[in-house]
Amino acid sequence: MEIRFYTTKSENNRLEKTLENEITLEGNFKNEVDIMAPIICVKNTSIAGSNYVHIPDLGRYYLIDKIEITRTQLLNVFLLLEVLTIHQ
């Protein structure tokens, strides 16, 4: 599934966020999908500094809560649903 990572300097409670530095990767859900707080797994370390995610298959945007590196160099990315944002 396609996952788009971004950097935003906008405050979390700001309605209009400016998204920069898009990185598009292929990834998978770690377990069953919790639409409010999914965990995704990607095989790339170039997302350092990213703090925002768009998952087109779900039609939703997420804040990155934390990133864990596994022993197999995969990244588990923990997300939190973004409900306030108007995207430009």
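The values are calculated or read from the model by the stated rules, or taken from the named source; none is laboratory data. What you are looking at is a predicted structure, and each value in this text was computed from that prediction instead of being measured. Surface accessibility is based on the protein's heavy atoms, side chains included, excluding ligands, DNA and RNA. Shrake-Rupley method; radii C 1.70, N 1.55, O 1.52, S 1.80 Å.
Rank 69, 23 by accessible area, highest first, at a 1.4 Å probe radius? Write down the numbers at each step before the final one.
Values: 69 115, 23 45 Å².
Order by accessible area, largest first: 69, 23.
For the full complex of protein chains and a 1.4 angstrom probe, list 45, 7 by accessible area with the highest value first.
Working: 45 95, 7 25 Å².
Solvent-accessible surface, decreasing: 45, 7.
Summed over the residues of the chain and divided among them, the accessible surface reaches 62 Å² per residue at a probe radius of 1.4 Å. Computed from phi, the 3J(HN,Hα) profile of segment 14-29 under the Karplus parametrisation 6.51, -1.76, 1.60 (θ = phi - 60°) reads 7, 6, 9, 9, 9, 9, 10, 6, 5, 10, 9, 10, 9, x, 9, 6 Hz, with x in place of Gly and Pro. Length available on full extension from residue 51 to residue 33: 0.36 nm per residue minus the Cα-Cα distance, which gives 4.5 nm.
Spatially, segment 1-27 and segment 37-66 are offset by 8 Å when compared through their Cα centroids. Against the empirical 2.2 N^0.38 Å (N residues), segment 1-47 has a Cα radius of gyration ratio of 1.32. Taking 22, 32, 68 as the candidate residues, the one with maximal mean-square fluctuation in a Gaussian network model of the chain, Cα springs under 10 Å, is 32. Kirkwood analysis of the chain, using all unique Cα-Cα pairs, places the hydrodynamic radius at 13.0 Å. Of 60, 4, the order by accessible heavy-atom surface (1.4 Å probe, DNA, RNA and ligands excluded), from most exposed downward, is 60, 4.
Comparing mean-square fluctuations of 53, 77, 33 from a GNM of the chain with C-alpha springs under 10 Å, the top value falls on 33. Close amide H pairs (under 5 Å, H built 1.01 Å from N) link residue 51 with 6, 7, 8, residues at least 5 positions away or on another chain.
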